[in-house]
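Engineer: Please read through the structure below; I'll follow up with questions.
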Amino acid sequence: MSIKNLFDSRYALANKKKAKEIAISVFRLLFCICICYLFLYPILYMIITSFQSPSSIEDPTVIWVPKQLSLDGLKGAIKELNYWKSAGLTLTITLGSTAAALCSCALAGYGLARFKFPGKFIVFVLLILTIVVPPQILYSSTYILYRFFDFGGFLSIFGLHLNLLESPWVFILPSMFGAGLRNGIFIFIFYSSFKGLPYEIEEAAKIDGCGVFKTFLQVMVPMAVPAFITVLLFSIVWHWTDYNSSATYFTQELRPLVVMLKNLSTNLYMGGYRDASGSVFSLRMYLQAGAMLTIAPPLILYIFTQKYFTESIERTGLVG
Amino acid sequence: MKKRKLSRLSVSDRHNLNGLLFLLPFLIGFLCFYLEPIIQSITFSFSDVTVSLSGYDTVPVGLKNYKFIFKEDAAFNTRVMLDFTNLLWKTPVIIVLSLFLAILINQKFPGRIFIRAVFFLPVIFSAGIVLQIIQSDLVVSSMSSGNSLIEDGGGVANQSMGLNQLLLQAGIQEKIVEFVTKITNNFFSLIWNSGIQMLIFLSGLQSIPGSLYEAASVEGASSWESFCKITVPMLVPTLLLNTIYTIVDSYSSTSNSVMALITSSINTAKYGRATAMAWVYFVLIGLILGVVFFVSTRTKKSSRA
């Protein structure tokens, strides 16, 4: 075999490898486009429909580009959702419980990750219990519990009890004690994140005479920023979009946004939003505008923070 | 007395007791917000509950509620069976799908920042309600596919007849064909439900040290080999977490028919029966979780040995 032959065969091999790479990237691109279609189509549909005017909504020639833009859908949805008030309520719930959950869950996660104390196994079992027991099971008793809330009998010594129903406290107070919406998962995220951090820095802080809580606040918290961002975003999104608990604890006039959205089509019908034929079908733009208004705040937040979020997810080390 | 006892403890013991201080809020929270409702709902399940304006009354009735749901309530039994079959086929499909997506966006290619941002959208839309509204509308407006985002719609059977026929005529077993068409029919819902799982896998993938792959490629391993011998074994704990998450998440979904039944029983003031149903359902799910946990710890041990 001559040197030239050898060279040729190597060249062919390199070519083959390159062709394979190109084929893979083309396949990958096609696949990504398909998945993006699945994810973006409903969102685009929602946005476009909510800007359609009542006249063009039933025009079969209008598919994607509306013939005339109108704000009717948005206006109707804002009115029927009682948007500003219910969004304000949802915002209070979301921000309050997120702040509370960040503190309580980070403390609990650190306590589990770095200390060996008697009964730690039991605490772990309790934590898993809070993750696994579906909140729906407990609704019938938590409803009564929150109606006459007394901190496990503590307040009733003084003959007091709080009515947490219909107020943001029904979410914020449990979150302060790591017992709020999906807080078990947050504790778990903090636990595995703190567990993955190196011991050496803590040891150094201890030798330098830094107390346990000071070490936690000034050394460990800054190192666990990705976990904080991850939990922050999850907590905001899950509180904003929670339906089950919100619908259970809020039954009066003022309700969180998602509960209002669920009832929107009924409210529209009762509110006299119907066209000449009286069909609900033409209410589509109001419904879509309502959906858009509901999801817009977390979506906008995500668009601006997605870089930090995606990076944090990768660095959190969810799995300990 | 107490002081002396504390001073007798070693330095490290005293340090470790601080852990309990860190966990104090959680423990108080568990006592106040979980323990009481859990005990209460167990007693509810063994009694007749009547709620009045001033409070509630419970009359213990023994196993009556449980007897009712097992012997007389046909809806509960059929719905639990349906839910379990759904869980059995959906969980593995969601896991495989989300693993695939995670591997895809873990690669480096042009435009991946955009793709990644789009793939994370299901996490933001975790609300079933918003999707439901968009979805119900899409079906009405397009009438093209019965693909229901939220539930396995009734009108789905017709639309995949083509694929069904094709696969059957190709001589593939009927059960496999059924499975494949089930996946394609629900692909939309499956992929919108695998957002969090994808995130968990992504973070698991990132935690695998790159040096392992380098060593493998130096040794001449193909990418498929390094996937089977490095990625999959390293992802076992992630897999466990994801399986548990998927199962736990299945009962928070709005399409869960068992939970819908329980909620409607609560709304019609049948608290005792509702809690009995809920506990039966939870124990069954707990058994599945236990099996998953047991199997995965076994494989972990054997892979380490």
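The values are calculated or read from the model by the stated rules, or taken from the named source; none is laboratory data. Keep in mind that what you see is a predicted model, and the values were worked out from it rather than measured. Methodologically, a virtual Cβ is constructed for each residue, glycine included, from the backbone with ideal geometry; neighbour enumeration extends over all protein chains shown. What goes into the accessible areas is simple: the full protein's heavy atoms, side chains included, and nothing from ligands, DNA or RNA. Shrake-Rupley method; radii C 1.70, N 1.55, O 1.52, S 1.80 Å.
Engineer: On average, how many beta carbons from a partner chain sit within 10 Å of the beta carbon of a residue in A:178-189?
Structural biologist: Values: counts 9, 9, 2, 0, 3, 3, 4, 3, 0, 2, 1, 2.
Rounded to a whole number, the mean comes out at 3.
Engineer: Right, next: With every protein chain left in place, what is the accessible area of B:V295 in Å² (1.4 Å probe, nearest 10)?
Structural biologist: Accessible surface of B:V295 is approximately 80 Å².
Engineer: Let me ask something else. Could you pull out every whole DSSP H run in chain A that spans at least 20 Å of Cα extent along its own axis and averages -1.0 or higher on the Kyte-Doolittle scale? Intermediate results must be reported in sequence, preceding the final value.
Structural biologist: Values: long enough: A:3-50 (70 Å, 0.88); A:83-114 (45 Å, 0.82); A:225-241 (24 Å, 1.64); A:284-316 (42 Å, 0.30).
Flagged H segments are A:3-50, A:83-114, A:225-241, A:284-316.
Engineer: Next question. Rank by packing, highest mean first: peptides A:295-302, B:185-192, with packing defined as the count of other Cβ atoms within 10 Å averaged across residues. Please list the in-between numbers first.
Structural biologist: Values: A:295-302: 17.6, B:185-192: 20.0.
The peptides rank, most packed first, as B:185-192, A:295-302.
Engineer: Distance from the Cα centre of region A:20-37 to that of region B:196-224, in angstrom?
Structural biologist: 20 Å
Engineer: Provide a whole-number value for the mean count of partner chain Cβ atoms within 10 Å of the Cβ atoms in peptide B:108-117.
Structural biologist: Values: counts 0, 5, 2, 2, 2, 3, 2, 7, 4, 6.
Whole-number average of other-chain Cβ neighbours for B:108-117 is 3.
Engineer: Moving on to the next point. Largest first, please: the extent of the C-alpha atoms of region A:182-236 along each principal axis, to the nearest Å.
Structural biologist: 37, 17, 16 Å, listed from the longest principal axis down.
Engineer: Here's another thing I want to ask about it. Working from the alpha-carbon coordinates of region A:212-260, get Rg over Rh, Rh being the Kirkwood radius.
Structural biologist: Details: Rg = 16.8 Å, Rh = 13.2 Å.
In region A:212-260, Rg relative to Rh is 1.27.
Engineer: For region B:64-304, what is the largest minus smallest coordinate of the Cα atoms on each principal axis, given in angstrom and ordered from greatest to least?
Structural biologist: Principal-axis extents of region B:64-304 (Cα, largest first): 66, 46, 41 Å.
Engineer: How large is the Kirkwood hydrodynamic radius of chain A, counting all unique pairs of alpha carbons, in Å?
Structural biologist: On the way: mean 1/r = 0.0418 Å⁻¹.
That comes to 23.9 Å for chain A.
Engineer: Assuming a viscosity of 0.692 mPa s and a temperature of 37 °C, what translational diffusion coefficient in µm² per second does Stokes-Einstein assign to the protein assembly as shown, Rh being the Kirkwood radius over Cα pairs?
Structural biologist: Values: Rh = 27.2 Å.
The calculation lands on 121 µm²/s.
Engineer: Packing-wise, with mean Cβ within 10 Å as the measure, how do A:201-209, B:66-74, A:106-114, B:98-106 rank, highest first? Don't skip to the end; give the middle numbers.
Structural biologist: Numbers: A:201-209: 12.2, B:66-74: 14.1, A:106-114: 25.1, B:98-106: 20.7.
Highest to lowest by the protection proxy: A:106-114, B:98-106, B:66-74, A:201-209.
Engineer: Still on this structure, I have one more. Could you give the nm distance between label points at B:F293 and A:R28, where each point is 7 Å from its Cα heading toward the beta carbon?
Structural biologist: Each label point lies 7 Å from its Cα, and together they span 3.9 nm.
Engineer: Please report, in cubic angstrom per residue, the volume enclosed by the convex hull of the alpha-carbon atoms of region B:220-279. Present the calculation step by step, with values, prior to reporting the outcome.
Structural biologist: Numbers: hull volume 5.1 nm³, N = 60.
Cα convex hull per residue, to the nearest whole number: 85 Å³.
Engineer: Right, here's the next one. Need one value for A:39-47: mean number of C-beta atoms belonging to other chains within 10 Å of its residues' C-beta atoms. If you can, show how the numbers build up before the last one.
Structural biologist: On the way: counts 11, 2, 3, 12, 6, 0, 6, 6, 0.
Mean number of neighbouring Cβ atoms from other chains: 5.
Engineer: If we restrict to alpha carbons, what Rg and Dmax does region A:102-194 come to, in Å?
Structural biologist: Taking only Cα atoms of region A:102-194, I get Rg and Dmax of 14.7, 43 Å.
Engineer: Moving on. For region A:104-261, divide the Cα radius of gyration by the Kirkwood radius and give the resulting Rg/Rh value with two decimals.
Structural biologist: Working: Rg = 18.3 Å, Rh = 17.7 Å.
The Rg/Rh ratio comes out at 1.04.
Engineer: May I pose another question? Per residue of region B:181-188, in order, report the coupling 6.51 cos²θ - 1.76 cosθ + 1.60 (Karplus, θ = phi - 60°) as ³J(HN,Hα) in whole Hz, putting x for Gly and Pro.
Structural biologist: Each residue's phi maps through the Karplus curve to give 5, 4, 5, 5, 5, 9, 4, 4 Hz.
Engineer: If packing is taken as the average count of other Cβ atoms within 10 Å, what order do A:82-89, B:130-137 fall into, highest mean first?
Structural biologist: On the way: A:82-89: 16.9, B:130-137: 22.2.
Ranked from most to least packed, the peptides come out as B:130-137, A:82-89.
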